[in-house]
1. Report, in deg cm²/dmol and to the nearest 500, the calculated mean residue ellipticity at 222 nm for the chain, where each DSSP H run with n ≥ 4 adds -39500 (n - 2.57) and the sum is divided by the residue count.
2. With angles folded into 0 to 90 degrees, how steeply does helix 72-84 sit against the dominant principal axis of the chain? Use alpha carbons for both and round to 10.
3. For the chain, set up a Gaussian network in which alpha carbons nearer than 10 Å are linked by springs, and say which option among Thr340, Thr144, Thr159 fluctuates the most.
4. In Å², and per residue, what accessible area does the chain have when probed at 1.4 Å with the other protein chains present?
5. Run the quick spin-label model on Val161 and Lys353: label points 7 Å from Cα toward the beta carbon, then report their separation in nm to one decimal.
6. Distance between Cα centroids, the range 201-230 to the range 78-115: provide it in whole Å.
7. Could you sort Phe256, Phe373 by accessible area so the largest value comes first, with the probe set to 1.4 Å?
8. Going by accessible area, probe 1.4 Å, with all protein chains left in place, what is the ranking of Lys130, Lys163, Lys353, Lys300, largest first?
Amino acid sequence: MAIATFSFPTAIHFGPGARRLVAEHLKKQGVKRPLIVTDQGLAALPILKEFGASLAELTVQVYSGVYGNPTRKQVDDGVKLFKSHAADAVIGFGGGAALDVAKAVALMSAHGGDVLEYAWDHPNVRPITKPLPYFIALPTTSGTGSEVGRSAVISDDATHVKKIIFHPALLARAVFADPELTLDLPAGVTAATGMDALTHNVESYLSPAYHPLCDGIALEGARIAAHALETAVTMPKNLAARSDMMMASMMGAIAFQKDLGAVHSCAHALGTVVDMHHGLANGIMIDHVMRFNLDAAERKMAELARVCGAGASGDAFVAWLVGLKSRIGIPAKLGGKGVTAAHIPRLVDVAVKDTCHQTNPKPVSAADFERIFHEAL
């Protein structure tokens, strides 16, 4: 497969080996001292060492303090290293957490204050007024699509509440989407991140907001993910399936500028209350929320069933999701991941305050969230 280059919404170099284009690209931009932002797991793997070696003509520093859900402290520590290295660019190398921290490091290397003060819902939100250092992204998972997103999700270290910084300045200047970087992902990570990508496409398509452009992208993204995810999990070296999942991930992130839904409100609550991996939370909750949505979105869910090869009705789509989860190892319910009835009041409180459910196909009240979480236990 040749490397394809296109701009949507930013310059994307897509295909096996795309990572090998980075050094020349950065040199053309005049970059000399990049900071790689990555996570603790990737830092010890050969793939990062190989990538670093490809940048031998540059003076590179690595920040590998990202783990779990991104936090303010991770951003602050990355900014300190950016400044001590006198870096002139940021390379995000990793999954959604690393890419979100990379964006925030780029932001805060040029701005003052607390990173969470730049969250869109902060009562005294700070403006982004200064140019950010050159930022590129290399995704190593196929889930969040953060590489093509203009937002970063950062949590407060104490409360674990997730805050969203949203601004076009956070868009990567170039994306190098190389599916070879995902070939060694464990099955569990492939499944959880893949369900994240699928959920983005599904919820974007079901959102009642008017955006036919995103609808087309989301529907095709769901189709691609539906036909590739199981293969990517069970045949991890299948490059075609890995490529399809990376594309579906990017498509979901492009589409969800239209908005998301209640699955994400549930997932954000699970991330806040029990620190559950975001993709896993989406994967566990998606069929439970889709069942709730059936009466309000039958036509669109029937179309999702058709493109996913699940049948021709909303019920068939929900049943297909249940079967897919079972085949790829996503738990059917929350109980197996340590969630109990005692967590539900806090989960409901966080979910209700989350904005994603405001574009769910039908309104979701606190009582509705309580029923959904109980049903999912």
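1. Taken over the chain, the calculation gives -15500 deg cm²/dmol.
2. 20
3. Comparing Thr340, Thr144, Thr159 in a Gaussian network model of the chain, the most mobile one is Thr159.
4. 39
5. The modelled label-to-label distance comes out at 0.4 nm.
6. One Cα centre to the other: 31 Å.
7. Phe256, Phe373
8. Lys353, Lys130, Lys163, Lys300
The values are calculated or read from the model by the stated rules, or taken from the named source; none is laboratory data. What you are looking at is a predicted structure, and each value in this text was computed from that prediction instead of being measured. All Cβ positions, even for glycine, are placed from backbone atoms using ideal geometry, and neighbour counts span all protein chains on display. Calculation scope for accessible area: heavy atoms of the full protein, side chains included, ligands and nucleic acids excluded. Shrake-Rupley method; radii C 1.70, N 1.55, O 1.52, S 1.80 Å.
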